[in-house]
Amino acid sequence: REGDSLFQPLEWTILHACDGGIELNLATAHPNLKVSPDKKSVWYAEKVQKFSDNRTRFDSSPFVLGSKGFKEGKHYWVVEVSEKTDWHLGIASESSQRKGPIMLSPKNGFWTIGLRQGDYWAQTTTETSLSVSKKPNKIGIFLNYSKGEISFYNAEENSLIYKFTDKFNEELFPFFGPGLKKEAGMNDKPLKIC
């Protein structure tokens, strides 16, 4: 729920201390995704990258996972989305589908929110429209594994956008979907891990 509550100073300090040094995992990247040399940025490219196929690579949907997975603890990272018009961010389970068309939802092992055609959505079972009063430039993602919580924040305003509650029993990975490149250069900027 957007604007549910602002972080208390202590909680905000704890979150920043939990930053996990997230990088992108090239072995999971869809062939149309270009990943920067420092593995911190990703964008859609018309030219297909020459990647070898493997069981962890997305082959139909333009997504990529983080290289570091989590099976316990609290973890927080921030992604810059300021110049994007289409994106998905969140968390995917280790066993989540990588091949063929993918439906993003918790029952399929994806806990994500996104921006599409000017509207913000939580990818729940049926999609939940999100009321976002101010366009976020940076999205903060907070995983509390033991509590089964994945929270999304406007990282500059310190305000909650949406929270998933579930029960986790496997390794979870940061999830990134930079969206397709649109006409006239729309959405050609990268998602960038801060």
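Numbers below:
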{"read-out": "Separation of alpha-carbon centers, region 57-79 and region 109-145, rounded to whole Å", "value": "15"}
{"read-out": "Cα extents of region 9-193 along the three principal axes, largest first (Å)", "value": "45, 35, 35"}
{"read-out": "Lys68 versus Ser129: modelled label distance in nm, points set 7 Å from Cα along the beta carbon direction", "value": "3.8"}
{"read-out": "Hypothetical label at Asp119: residues of region 144-185 whose amide nitrogen lies under 19 Å (7 Å Cα-Cβ projection)", "value": "161-163, 179-180"}
{"read-out": "Likely footprinting exposure, Arg116, Arg98, Arg55, fewest C-beta neighbours within 10 Å first", "value": "Arg55, Arg116, Arg98"}
{"read-out": "CD proxy at 222 nm, helix term only [per DSSP H run n ≥ 4: -39500 (n - 2.57); per residue of the chain; nearest 500]", "value": "-1500 deg cm²/dmol"}
{"read-out": "Spatially near lysine pairs across region 145-194, Cα under 29 Å, sequence gap of 8 or more or different chains", "value": "10"}
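Coordinate-derived values only; no laboratory data. Because the structure is predicted, anything quoted here is derived from the model rather than measured. Positions of Cβ are generated from backbone atoms using ideal geometry, with glycine treated the same way; all protein chains shown enter the neighbour counts.
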